1. I'm trying to understand the selection: among the residues of segment 61-71, which are modelled with pLDDT under 90 and either outside any loop (DSSP other than H, G, I, E, B) or surrounded by 16 or more Cβ atoms within 10 Å (Cβ to Cβ) (or both)?
2. Does residue 108 fit the bill of being surrounded by 12 or more Cβ atoms within 10 Å (Cβ to Cβ) and modelled with pLDDT under 95?
3. Might you check whether a residue that is in contact with a strand residue (DSSP E or B) (Cβ under 6 Å, 6 or more places away or on another chain), among the small types (Gly, Ala, Ser) and at pLDDT 90 or above occurs anywhere in segment 72-81?
4. Within segment 105-132, track down each residue that is without any contact (Cβ under 8 Å) to a residue 24 or more places away in the chain and either part of a loop (DSSP other than H, G, I, E, B) or among the hydroxyl-bearing types (Ser, Thr, Tyr) (or both).
5. If I filter segment 111-118 for residues that are touching a strand residue (DSSP E or B) at 6+ places or on another chain (Cβ under 6 Å), at pLDDT 90 or above and not aromatic (Phe, Trp, Tyr), do I get at least one hit?
6. Of all residues in segment 72-104, count the ones that are assigned to a strand (DSSP E or B) and either closer than 29 Å to residue 131 by Cα or over 12 Å from the mean Cα position of the chain (by Cα) (or both).
7. Would you point out which residue out of 129, 95 is of a type in the set (Phe, Trp, Tyr) and at pLDDT 90 or above?
8. Please find, within segment 12-33, the residue that is modelled with the lowest pLDDT out of those that are assigned to a loop (DSSP other than H, G, I, E, B) and exposed (fewer than 10 other Cβ atoms within 10 Å of the Cβ).
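The values are calculated or read from the model by the stated rules, or taken from the named source; none is laboratory data. These numbers were taken from a predicted model, which means no experiment stands behind them. Backbone-built Cβ (ideal geometry, glycine too); neighbour counts: all protein chains shown.
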Amino acid sequence: MKRIQLLVALAALTAIPLVAQSPVVVKWVAPKYSDIAALARISASVEAKIWVAKNGKVESVEIGASSLPQVKVFHQALVESLAKWEFQPGRAGEFILDVAYHIFPPATPDKDIKPEFYPPNALVIRRKFVKIEPTSDPLPDK
(Lines give C-alpha, C1' and ligand atoms only; values in the text may rest on other atoms or scores of the structure.)
Protein backbone atom coordinates (compact mmCIF):
# COMPACT_ATOMS: atom_id res chain seq x y z
CA MET A 1 0.00 0.00 0.00
CA LYS A 2 2.81 2.43 0.88
CA ARG A 3 4.48 1.63 -2.42
CA ILE A 4 1.34 2.67 -4.33
CA GLN A 5 1.09 5.92 -2.34
CA LEU A 6 4.74 6.68 -3.14
CA LEU A 7 4.16 6.04 -6.86
CA VAL A 8 1.08 8.29 -6.85
CA ALA A 9 3.05 11.03 -5.06
CA LEU A 10 5.92 10.76 -7.57
CA ALA A 11 3.49 10.90 -10.50
CA ALA A 12 1.89 14.03 -9.06
CA LEU A 13 5.29 15.68 -8.63
CA THR A 14 6.28 15.04 -12.24
CA ALA A 15 3.04 16.65 -13.46
CA ILE A 16 3.91 19.94 -11.71
CA PRO A 17 6.39 22.12 -13.59
CA LEU A 18 9.29 23.03 -11.33
CA VAL A 19 10.22 26.14 -13.31
CA ALA A 20 7.68 28.96 -13.57
CA GLN A 21 6.93 29.98 -17.14
CA SER A 22 7.16 33.60 -18.24
CA PRO A 23 4.01 35.42 -19.28
CA VAL A 24 3.33 35.13 -23.04
CA VAL A 25 3.36 38.31 -25.15
CA VAL A 26 0.23 38.80 -27.29
CA LYS A 27 0.73 42.47 -28.31
CA TRP A 28 3.95 44.49 -28.45
CA VAL A 29 4.76 48.10 -29.28
CA ALA A 30 8.24 49.08 -30.42
CA PRO A 31 9.90 51.93 -28.53
CA LYS A 32 11.04 54.99 -30.44
CA TYR A 33 14.72 55.30 -31.27
CA SER A 34 15.73 58.70 -29.95
CA ASP A 35 16.74 61.36 -32.50
CA ILE A 36 19.57 62.35 -30.15
CA ALA A 37 20.86 58.77 -30.06
CA ALA A 38 20.63 58.51 -33.84
CA LEU A 39 22.48 61.80 -34.25
CA ALA A 40 25.19 60.64 -31.85
CA ARG A 41 25.24 57.18 -33.50
CA ILE A 42 24.63 55.42 -30.20
CA SER A 43 23.85 51.71 -30.11
CA ALA A 44 23.15 50.00 -26.80
CA SER A 45 21.47 47.08 -25.12
CA VAL A 46 19.05 47.57 -22.24
CA GLU A 47 17.32 45.07 -19.97
CA ALA A 48 13.80 45.82 -18.79
CA LYS A 49 11.89 44.06 -16.03
CA ILE A 50 8.15 44.04 -16.57
CA TRP A 51 5.64 43.04 -13.91
CA VAL A 52 2.52 41.56 -15.46
CA ALA A 53 -0.88 41.33 -13.72
CA LYS A 54 -3.16 38.29 -14.03
CA ASN A 55 -5.31 40.18 -16.56
CA GLY A 56 -2.29 40.42 -18.91
CA LYS A 57 -1.72 44.15 -18.44
CA VAL A 58 1.63 45.64 -17.46
CA GLU A 59 1.69 46.75 -13.82
CA SER A 60 5.13 48.34 -13.83
CA VAL A 61 8.41 48.54 -15.73
CA GLU A 62 11.92 48.89 -14.33
CA ILE A 63 15.06 49.50 -16.37
CA GLY A 64 17.74 46.99 -15.43
CA ALA A 65 21.24 46.44 -16.74
CA SER A 66 22.47 48.49 -19.70
CA SER A 67 25.55 48.34 -21.90
CA LEU A 68 25.78 52.14 -21.49
CA PRO A 69 24.36 52.80 -18.01
CA GLN A 70 25.30 56.48 -18.12
CA VAL A 71 23.29 57.00 -21.35
CA LYS A 72 19.62 57.13 -20.39
CA VAL A 73 18.31 58.39 -23.73
CA PHE A 74 16.52 55.09 -24.48
CA HIS A 75 14.94 54.53 -21.07
CA GLN A 76 11.83 56.77 -21.14
CA ALA A 77 10.72 55.65 -24.61
CA LEU A 78 11.25 52.02 -23.58
CA VAL A 79 9.17 52.39 -20.39
CA GLU A 80 6.38 54.17 -22.34
CA SER A 81 6.20 51.48 -25.04
CA LEU A 82 6.38 48.55 -22.60
CA ALA A 83 3.43 49.98 -20.65
CA LYS A 84 1.37 49.32 -23.82
CA TRP A 85 2.38 45.66 -24.13
CA GLU A 86 -0.22 42.97 -23.44
CA PHE A 87 0.31 39.45 -22.22
CA GLN A 88 -1.80 36.32 -22.21
CA PRO A 89 -4.18 36.66 -19.23
CA GLY A 90 -3.96 34.28 -16.31
CA ARG A 91 -0.21 34.16 -15.79
CA ALA A 92 0.99 36.99 -13.54
CA GLY A 93 4.65 37.47 -12.87
CA GLU A 94 7.92 39.05 -13.89
CA PHE A 95 8.98 39.21 -17.54
CA ILE A 96 12.57 40.09 -18.45
CA LEU A 97 13.09 41.67 -21.86
CA ASP A 98 16.45 42.22 -23.54
CA VAL A 99 16.33 45.17 -25.93
CA ALA A 100 19.07 45.87 -28.46
CA TYR A 101 19.27 49.27 -30.15
CA HIS A 102 21.32 49.27 -33.35
CA ILE A 103 22.25 52.22 -35.52
CA PHE A 104 22.82 51.76 -39.27
CA PRO A 105 24.34 53.93 -42.01
CA PRO A 106 21.93 56.09 -44.08
CA ALA A 107 22.37 53.86 -47.16
CA THR A 108 20.83 50.84 -45.40
CA PRO A 109 17.61 49.75 -47.16
CA ASP A 110 14.44 50.63 -45.24
CA LYS A 111 13.32 46.99 -45.25
CA ASP A 112 16.31 46.21 -42.98
CA ILE A 113 15.43 48.88 -40.43
CA LYS A 114 12.22 47.50 -38.94
CA PRO A 115 11.85 46.61 -35.24
CA GLU A 116 11.60 42.90 -34.50
CA PHE A 117 10.41 40.92 -31.50
CA TYR A 118 12.06 37.53 -31.01
CA PRO A 119 9.90 35.54 -28.57
CA PRO A 120 10.13 34.82 -25.79
CA ASN A 121 12.10 37.87 -24.64
CA ALA A 122 14.30 39.68 -27.17
CA LEU A 123 13.51 42.91 -29.00
CA VAL A 124 15.69 44.61 -31.62
CA ILE A 125 15.16 48.27 -32.53
CA ARG A 126 17.00 49.61 -35.57
CA ARG A 127 17.43 53.09 -36.99
CA LYS A 128 19.54 54.90 -39.54
CA PHE A 129 21.80 57.51 -38.06
CA VAL A 130 20.87 61.11 -38.69
CA LYS A 131 23.13 62.79 -41.18
CA ILE A 132 23.80 66.47 -40.57
CA GLU A 133 23.92 68.48 -43.76
CA PRO A 134 26.12 71.58 -43.75
CA THR A 135 24.25 74.81 -44.27
CA SER A 136 25.34 77.79 -46.31
CA ASP A 137 24.02 80.20 -43.69
CA PRO A 138 26.78 82.11 -41.91
CA LEU A 139 26.91 81.96 -38.14
CA PRO A 140 24.95 84.79 -36.51
CA ASP A 141 26.90 87.78 -35.22
CA LYS A 142 27.17 88.13 -31.49
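1. As a first pass, look at segment 61-71 and keep what is modelled with pLDDT under 90: 69-71.
Listed by number, the list holds a single entry, 71.
2. On the way: surrounded by 12 or more Cβ atoms within 10 Å (Cβ to Cβ): yes; modelled with pLDDT under 95: yes.
It is true that residue 108 is surrounded by 12 or more Cβ atoms within 10 Å (Cβ to Cβ) and modelled with pLDDT under 95.
3. Checking segment 72-81: not a single residue is in contact with a strand residue (DSSP E or B) (Cβ under 6 Å, 6 or more places away or on another chain), among the small types (Gly, Ala, Ser) and at pLDDT 90 or above.
4. So in segment 105-132, the residues without any contact (Cβ under 8 Å) to a residue 24 or more places away in the chain come out as 107-114, 116, 118.
Of everything in segment 105-132, those that are without any contact (Cβ under 8 Å) to a residue 24 or more places away in the chain and either part of a loop (DSSP other than H, G, I, E, B) or among the hydroxyl-bearing types (Ser, Thr, Tyr) (or both) turn out to be 107, 108, 109, 113, 114, 118.
5. In the first step, residues of segment 111-118 are kept if they are touching a strand residue (DSSP E or B) at 6+ places or on another chain (Cβ under 6 Å); the result is 113, 115-117.
Retained after the next criterion (residues that are at pLDDT 90 or above): 115-117.
With not aromatic (Phe, Trp, Tyr) added as a condition, the list becomes 115-116.
Yes, the conditions are met somewhere in segment 111-118.
6. Start the filter on segment 72-104 by keeping residues that are assigned to a strand (DSSP E or B), which leaves 86-87, 93-104.
Retained after the next criterion (residues that are either closer than 29 Å to residue 131 by Cα or over 12 Å from the mean Cα position of the chain (by Cα) (or both)): 86-87, 93-94, 98-104.
Total satisfying the criteria: 11.
7. Values: 129 fails: at pLDDT 90 or above.
Exactly one residue qualifies, and that residue is 95.
8. Of all residues in segment 12-33, those assigned to a loop (DSSP other than H, G, I, E, B) come to 16-24, 28-33.
From what's left, exposed (fewer than 10 other Cβ atoms within 10 Å of the Cβ): 16-21.
Working: 16: 40, 17: 42, 18: 37, 19: 41, 20: 52, 21: 69.
Out of the qualifying residues, it is 18.
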